[in-house]
Structures are given as C-alpha cells and as structure tokens.
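The values are calculated or read from the model by the stated rules, or taken from the named source; none is laboratory data. If you're wondering where the values come from, they're calculated on a predicted model, not measured in any experiment. Glycine gets a Cβ as well: all are built from the backbone with ideal geometry, and neighbour counts include every protein chain shown.
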Amino acid sequence: MDQLKQLKSKFLGSILGSVIGDSWGARYEGKYYGSFRVEDFQLVGGMYTDDSEMMKGVLQSLISNMGEFNGSHMANTFVKNYDYRRGYGPGTISVLMKIKEGHKWDQPAKEVFDGTGSFGNGAAMRICPVGLLYNDNLEKLIEIADQVSTITHTHPLGREGAVLQAYSVALAVQSNPRTFEPIDFIEKLQSIPYKLSSVYQKKLEKIHTYLISPPSREKAIRELGVDVAAPDSVPIAIYNFLNDPTNFYEVLHSSISCGGDTDTIACMSGAIAGAFLGLEKIPKNWLDIQEENDLFRQLAEELFELFIDKKT
Ligand code: R7I
Ligand code: MG
Ligand code: MG
C-alpha cells in the first residue's frame, strides 16, 4: 500500500475503531471485572453513545472551520447533536443545556462541580480527530486538544487526559506496526512537551514498568483505574493498547472486560489501535453493523482531505 493510502486507512481506522469500541463497550458500562462475559460485537450490536456523538461534533466543527478551533461553533454543534438517549455525563448535560439557553460557550464549564470544572473523561473520549489532524504538529495538537476540552471540561485533569489521549492517537498514526516498540511509545508519551499532573506521570511510569514486567489484570485495574474520571481511564486505555498493539480485537476486548467505564475506555483504546493498525484490521462484518458507519467514514475521509490540503 502506498504511503498516502496507508495514512488514510489510519484516519478511518481510528475514527471507526473509536465508534466500535464505544458501541461494543456500551453494553457493559458499570460492571465489575470478573463478573461478566464479553459477548461478540455481532451479538451486542452497534448503537453508539455520547462518546461518539461528541466526537462527531468535533469532526463536523473542525471540518467546517478548516481545522481550526471555533469554540462557539463547536459548542453549538454539540448542542445541535445532543441526544439524551446516548447517556451523557451530568456535568456535560448541564453545560450543554446552559449553552442552549444562550450562555456564552466558554462560561458554563467553569461553573460545574462547585466551580472546580469537570475532571470526567468526556473531553478525552471525543478528542481523537485532533490527534489525527495534528499528528505532524504536536504543539498545535496540544493547543487545540486543550481548547476543545474547555467547552465542557476546565479542570486540569480533564484537559490533560484529552491532551494525552490526542497525543497517543498522533503517536499511533506515526508508528509502523512492523518496527513498533511499546517501550519507545510510552517513553515518548512520558516526554510530552506539556506539563502533566503527578497522577498522570505516576500512571505512565506504572505502564512503563508493566511493559517490562506484566502485572495481573487485577493489579493493572486497581492501580490504573477504570472509572469515569479522566486520570482513572485514559491510562488504562493506553496500557490496553500497548499490551497487545497488533491485535485490534484484543485491545477492545481487554478494555471492555476490565469493567467500569467500558464504552469510554474501549472508545479511547480503539481510537489508538485503529490509528496504529488502519481500517483493514477492523473486521468488515463489524463495520457493516455499526450504526452510522457511512457517516463516520465520510467525516473521517473529509478530515483526511483537510490534513492533506493543510500540508500542501
Ligand atoms: O466527563 P463527562 O462528559 O462524562 C463522560 C462519561 C463517559 O463515561 C460517557 O460514556 C458517559 O457515560 O459519561 O461528564 P461529567 O459529568 O463532567 O463527568 C463525569 C463524572 O465524573 C461526574 O458525574 C462525576 O461523578 C465525576 N466528576 C467529578 N466529581 C467531583 N468533582 C467529574 N468532575 C468532578 C469534580 O470536579
Ligand atoms: Mg458513553
Ligand atoms: Mg462511558
């Protein structure tokens, strides 16, 4: 495959990998590790949740604004797309309702949780398009990922989770599966040119040690976390990818079988694995049953065209 085709396949693989992880994981959100069996994707079906609905908004807004961040446009796109059946987090619902009532796009997010802002994983779960579009410009990636987060998540831990997830997607785009070394990947993440809070630094260090000496699943879940807080879900999504990077099925399956915030963890690990492996590694029969498969594919193609246009 020539280089351009391969790159396009990575964009499509990442967007669709993310949506499939979200849809597959959605059936198991909130369950405990060891208490359930993960059924095949064909049996579970492809209805996606808020994770993909909000990623769709990021895609649409970036595409409409030539890849630039337009806060008011993106916030209003989130509002337009809002569909309560998709199961949004309470902080995000409150922010979107206030924007709908006419509050300025960058105000309501600062007010939630008694004014601390949200550290939920709602910014990280939707950030994959930023990692793709700016995979060759990491400074801009960090700037835009942070801005996209602040519409709903102003707490530093919520924003840092999104930056780390976007950076992981970008590194996955740039990585070649034939020569890949998980240790190099985690070391690059650890030296991200961006100030990470100590909770993230410690968890990245744990992942580094796990890659040398693999822990039990129980230990990884206990130490990295599997819940709705960004610092308790972004690290395990990265680890589940690095643990078996060339096996798309296993990356998603292990992310779901950990329990907890299964849709979001599988959505984030699916975005990284899809960016690494490309669309060809996602089973065709999975794509066929994924809700709005064609729409997400078309948006991923438009994002790719934008990436190419920006380069030339
Ligand atoms: O982050 P957010 O959009 O939720 C995303 C999650 C994903 O799992 C989706 O699949 C969906 O199910 O929801 O929504 P928020 O409400 O901003 O954050 C999620 C949760 O994190 C909140 O409901 C709180 O439990 C917790 N949380 C906080 N708790 C105390 N103080 C987030 N920020 C805070 C905080 O500052
Ligand atoms: Mg969800
Ligand atoms: Mg979730």
Q) Of these, ILE221, ILE238, which one is surrounded by 24 or more Cβ atoms within 10 Å (Cβ to Cβ), out of contact with any Pro (no Cβ under 7 Å at 6 or more places or on another chain) and modelled with pLDDT of 95 or more? A) ILE238
Q. Any residue in region 31-43 that is touching a residue at least 12 places away in the same chain (Cβ under 8 Å), within 16 Å of the chain's Cα centre (by Cα), over 16 Å from VAL95 (Cβ atoms) and assigned to a loop (DSSP other than H, G, I, E, B)?
A. no
Q. Name the pairs: first residue in region 274-295 and in contact (Cβ under 8 Å) with a residue 60 or more places away in the chain, second residue among the polar types (S, T, N, Q) and surrounded by 16 or more Cβ atoms within 10 Å (Cβ to Cβ), Cβ to Cβ under 6 Å, at least 6 apart or on different chains?
A. GLY274/SER14; ALA275/SER14; PHE276/SER175; GLY278/SER9; LEU279/SER9; LEU287/ASN293
Q.
Go through region 151-170 and report how many residues are within 16 Å of ligand 3 (Cβ to nearest atom) and either within 10 Å of the chain's Cα centre (by Cα) or closer than 16 Å to LEU189 by Cα (or both).
A. 3
Q. So which pairs qualify, if the first residue must be in region 252-264 and more than 14 Å from PHE41 (Cα to Cα) and of a type in the set (Ser, Thr, Tyr), the second must be surrounded by 24 or more Cβ atoms within 10 Å (Cβ to Cβ) and at pLDDT 95 or above, the Cβ gap must be under 7 Å, and the two must be at least 6 apart or on different chains?
A. THR264/ASP51; THR264/ASN121; THR264/MET125; THR264/SER233
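Please count how many residues of region 124-165 are within 16 Å of ligand 1 (Cβ to nearest atom) and among the hydrophobic types (A, V, I, L, M, F, W, C).
Looking only at region 124-165, we keep the residues that are within 16 Å of ligand 1 (Cβ to nearest atom), and these are 124-128, 145-146, 148-165.
Keeping just the survivors that are among the hydrophobic types (A, V, I, L, M, F, W, C) gives 124-125, 127-128, 145, 148, 151, 157, 162-164.
Number satisfying all stated conditions: 11.
Report the residue count in region 1-37 for those that are closer than 12 Å to GLY259 by Cα, surrounded by fewer than 21 Cβ atoms within 10 Å (Cβ to Cβ) and either within 14 Å of ligand 3 (Cβ to nearest atom) or of a type in the set (A, V, I, L, M) (or both). First the steps, then the outcome.
First pass over region 1-37, keeping only residues closer than 12 Å to GLY259 by Cα: 25-37.
With the extra rule that they be surrounded by fewer than 21 Cβ atoms within 10 Å (Cβ to Cβ), the set shrinks to 27, 29-37.
Still in the list and also either within 14 Å of ligand 3 (Cβ to nearest atom) or of a type in the set (A, V, I, L, M) (or both): 27, 29-31.
So the answer is 4.
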Q) Yes or no: ASP51 charged (D, E, K, R), in contact (Cβ under 8 Å) with a residue 60 or more places away in the chain and near ligand 1 (Cβ under 8 Å from one of its atoms)? A) yes
**Q.** Members of region 14-36 found to be under 18 Å from ARG297 (Cα atoms) and either touching a strand residue (DSSP E or B) at 6+ places or on another chain (Cβ under 9 Å) or not charged (D, E, K, R) (or both), listed by number
**A.** SER14, ILE15, LEU16, GLY17, SER18, VAL19, ILE20, GLY21, SER23, TRP24
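Filter region 284-312 down to the residues that are part of a helix (DSSP H, G or I) and charged (D, E, K, R) and list them by number.
Of the residues in region 284-312, the ones part of a helix (DSSP H, G or I) are 284-289, 293-311.
Within region 284-312, LYS284, ASP288, ASP294, ARG297, GLU301, GLU302, GLU305, ASP309, LYS310, LYS311 meet the criteria.
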(Q) So in region 80-139, with the set limited to residues that are charged (D, E, K, R) and within 14 Å of ligand 3 (Cβ to nearest atom), which one is farthest from PHE304 (Cα to Cα)? (A) ARG86
(Q) What are the pairs with Cβ atoms under 9 angstrom where one residue, in region 155-175, is closer than 16 Å to ILE207 by Cβ and the other, located anywhere, is among the small types (Gly, Ala, Ser) and surrounded by fewer than 24 Cβ atoms within 10 Å (Cβ to Cβ)? Sequence gap at least six, or different chains. (A) GLU160/SER197; GLY161/ALA229
(Q) Can you list residue pairs whose Cβ atoms sit under 6 Å apart, with the first residue in region 202-231 being on the phi < 0 side of the Ramachandran plot and within 16 Å of ligand 2 (Cβ to nearest atom) and the second being among the aromatic types (Phe, Trp, Tyr) and at pLDDT 95 or above? Count only pairs 6 or more apart in sequence or on different chains. (A) ALA229/PHE119; ALA230/PHE119
